[in-house]
Amino acid sequence: MTTSEILTGARTMWELVDRRAQVSPDRPMLIAADGETLTFGQFRDRVERVAAGLHGLGITTGSVVSWQLPTRIDTVVLSIALARLGAVQNPIIHLYREREVGFALRQTGAELFVIPATWRNTDFTAIAEAALAGVAAPPTILSTLRRETGLAITRDTSSKSVLISFLHWLSALLRPGPRWHLFRPLRLGRSLLFH
């Protein structure tokens, strides 16, 4: 079986990550501006650890998790870990503040909200707390950007239905909608550079 056949047969993002790591574990996958690099094998292993930690927090298939994180390797790891678990993801752009964040969290009913504590002189913990003031059942806030902690829609080909596991907010319109993201570099074995 060729590499192309192995990768093309993947039905979910997680299967694609796992298969790519088997085919080229030592090839660089993610390269950050600060020089941090993860190979396909290291990426898969880190995703597994983060998925296990999230599962320990009660995140399972169908759990709604919102996150408001900068574009970093840790964000990609978190996103794929959530995809691995079958969680519904709701990324919130880092420019949004209390009003927009509160709206998104109330609309989705998120169980967990992952944020950086502070990033670029913005206190995301304070924003989250203000956004959730008065919410009857607020999500757990996980404020971290540790390395242990950035697109997934899976297709269930047996029923030919699309399982939405990624909610994307459309700018100021604040309307959720499914977006089909194809992680083409993963299939091609290319490295991704984060600035």
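The values are calculated or read from the model by the stated rules, or taken from the named source; none is laboratory data. The model shown is predicted, which means the values in this text are computed figures rather than measured ones. When we count neighbours, we look across all protein chains shown, and the Cβ atoms used for this are built from the backbone with ideal geometry, even at glycine.
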Q. From the set of residues in region 81-115 that are among the hydrophobic types (A, V, I, L, M, F, W, C) and farther than 21 Å from residue 54 by Cβ, which is farthest from the chain's Cα centre (by Cα)?
A. 103
(Q) Being of a type in the set (S, T, N, Q) and farther than 13 Å from residue 80 by Cβ is the filter here; which residues of region 38-57 pass it? (A) 39
Q) Out of 113, 43, which single residue is modelled with pLDDT of 90 or more and part of a strand (DSSP E or B)? A) 113
Q) Going by the conditions given, is residue 62 exposed (fewer than 15 other Cβ atoms within 10 Å of the Cβ) and closer than 27 Å to residue 110 by Cβ? A) yes
Q. Aliphatic (A, V, I, L, M), out of contact with any helix residue (DSSP H, G or I) (no Cβ under 9 Å at 6 or more places or on another chain) and under 20 Å from residue 14 (Cβ atoms) - does that describe any residue in region 57-64?
A. yes
Q | Candidate set from region 1-28 (those that are of a type in the set (Ser, Thr, Tyr) and part of a loop (DSSP other than H, G, I, E, B)); member that is surrounded by the fewest Cβ atoms within 10 Å (Cβ to Cβ) | A | 2
**Q.** Positions within region 116-131 being outside any strand (DSSP E or B) and either of a type outside the set (S, T, N, Q) or within 14 Å of the chain's Cα centre (by Cα) (or both), in sequence order
**A.** 116, 117, 120, 124, 126, 127, 128, 129, 130, 131
Q: Please state which one of 57, 7 is within 25 Å of residue 138 (Cβ to Cβ) and over 14 Å from the mean Cα position of the chain (by Cα).
A: 57
Q) Would it be correct to say that residue 31 is at pLDDT 90 or above and not in a helix (DSSP H, G or I)? A) no
Q. Can you name the residue in region 70-92 that is at pLDDT 90 or above and in a loop (DSSP other than H, G, I, E, B) and, of all such residues, is surrounded by the most Cβ atoms within 10 Å (Cβ to Cβ)?
A. 87
Q: Give 155, 190, 147, 99 a once-over and let me know the one that is at pLDDT 90 or above, basic (Lys, Arg) and either over 21 Å from residue 21 (Cβ atoms) or not in a helix (DSSP H, G or I) (or both).
A: 99
